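Let me begin by presenting the structure, written as structure tokens, before commenting on it.
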Amino acid sequence: MSDNKHIHLIGICGTAMASLAGMLQRRGFRVTGSDAAAYPPMSGFLASLDIPLAQPFASENLQPPPDLVVVGNAISRGNVELEHVLDQRIPFCSLPQILHDEFLRGKEVLAVAGTHGKTTTTSMLAWIFHTAGLQPSFLIGGIAENFGSSFQLGQGKHFIIEGDEYDTAFFDKGPKFLHYFPDSVILTSVEFDHADIYRDLDAVETAFKRLVNLVPRRGRIIAFDSGESLERCL
């Protein structure tokens with residue numbers, strides 16, 4: 001995709017979406033976004049990057065039509081911008097899809113997944129690689145204090161990413177982390193969570209089994225031995 005393309009993010013104030021907006025801007029894309037309401041810390045984060053934020057959702061936010069729309073996973077049918085995108089056949093994708101296509105492809109991907117501790121562990125891992133001089137890229141589900149940012153695009157070969165088991169988009173109900181095709185995985189814990197999309201612990205375990213199954217033979221899986229549920233995922 002050419003660096004003069006216009007990308008619009010629906011639901012830009014989510015932690016991952018705001019981070020993606022910053023990453024796309026760093027790559028040279030023209031980035032805009034919209035949300036129902038903007039709150040700190042991501043509203044301030046977007047303002048610091050001078051990324052235009054429209055409130056509330058409105059079809060006028062998509063005029064003239066962007067080249068691509070990224071639809072946040074909190075956005076569902078009935079949203080006025082999403083309905084406009086579908087009616088006008090504006091190209092759209094999910095956050096994990098564009099992350100893979102624009103940033104993860106060609107990198108050695110280290111994913112941190114699990115019910116608890118993802119953000120902290122991802123932040124620590126990114127800092128370790130940074131202080132080791134490896135110039136990693138990273139995407140964290142929060143502002144990492146050591147970096148003052150939730151993302152970094154480094155010159156090194158590694159991309160460290162927080163792997164979320166929540167669903168991807170209104171049109172893709174699979175876990176986000178299945179789009180990342182990690183070379184290695186840190187698995188912190190597996191417990192029942194997200195009762196709105198997972199019916200029981202077995203369904204959660206199945207999602208993590210699918211992630212583990214993506215790791216190549218040359219890769220590594222580092223898992224904290226926290227009980228039978230985790231063992232069933234390995």
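List the chymotrypsin sites (Phe, Trp or Tyr not before Pro) within segment 152-201 that DSSP assigns to loop and that have no more than 12 neighbouring Cβ atoms inside 10 Å.
Answer by residue number: Phe171.
Tell me, which longest segment in the chain has none of the GluC sites (Glu not before Pro) that fall in DSSP loops with at most 15 further Cβ atoms within 10 Å?
1-144
How would Lys173, Lys107, Lys118 rank on accessible area, largest to smallest, probe 1.4 Å?
Lys173, Lys107, Lys118
Write down the radius of gyration of segment 168-210 and its Dmax, each obtained from C-alpha positions, in Å.
Radius of gyration, then largest Cα-Cα span, for segment 168-210: 11.0, 29 Å.
For segment 45-110, what is the accessible area per residue in Å² when the probe is 1.4 Å?
49 Å²
What dipole magnitude, in Debye to the nearest 20, does segment 76-180 give about its Cα centre under +1 on Lys/Arg Cβ and -1 on Asp/Glu Cβ? Please report the intermediate quantities before stating the final value.
Values: 8 positive and 12 negative charges, 53 e Å.
Dipole of segment 76-180, to the nearest 20 debye: 260 debye.
Which of the helices in the chain meet the span-like rule: DSSP H, Cα axial reach of 15 Å or more, Kyte-Doolittle mean at least -1.0? Each step should come with its number before you reach the end.
On the way: long enough: 15-26 (17 Å, 0.58); 118-131 (20 Å, 0.18); 201-212 (16 Å, 0.52).
Membrane-span-like by this rule: 15-26, 118-131, 201-212.
Restricting the count to DSSP beta bridges whose residues both fall in the chain, what percent are antiparallel, rounded to a multiple of 5? Don't skip to the answer; put the middle values down first.
On the way: 5 of 35 bridges.
Bridges in the chain that DSSP calls antiparallel: roughly 15 percent.
Hey, what's the Kirkwood Rh for the chain if you take every pair of different alpha carbons, in angstrom?
18.3 Å
Using Cα springs under 10 Å in a Gaussian network model of the chain, which residue among Met42, Met124, Met23 shows the largest mean-square fluctuation?
Met124
Using amide H atoms built 1.01 Å from N in the peptide plane, name the residues 5+ places from Ile221, or on other chains, whose amide H lies under 5 Å from its own.
For Ile221, the qualifying residues are Val185.
Give me a comma-separated list of calculated 3J(HN,Hα) values for segment 44-58, in order, Karplus coefficients 6.51, -1.76, 1.60 applied at θ = phi - 60°, integers in Hz, x for any Gly or Pro.
Once rounded to whole Hz, the list reads x, 4, 5, 4, 5, 8, 6, 8, x, 10, 9, 9, x, 5, 7.
Skipping prolines and chain starts, which residues have an amide H placed within reach, meaning under 5 Å, of the one on Tyr166, given they are 5 or more residues away or on another chain?
Placed amide hydrogens put Lys176 under 5 Å from Tyr166.
Quick check: residue separation of Thr131 and Asp196 times 0.36 nm, minus the Cα distance between them. What number comes out in nm?
Full extension of this stretch gives 19.5 nm more.
The values are calculated or read from the model by the stated rules, or taken from the named source; none is laboratory data. Keep in mind the model is a prediction, meaning the values are calculated, not measured. Cβ sites come from the backbone with ideal geometry, for glycine too, and all protein chains shown count toward neighbours. Ligands, DNA and RNA are stripped out before the accessible areas are found, and what is left, the full protein with its side chains, is counted by its heavy atoms. Shrake-Rupley method; radii C 1.70, N 1.55, O 1.52, S 1.80 Å.
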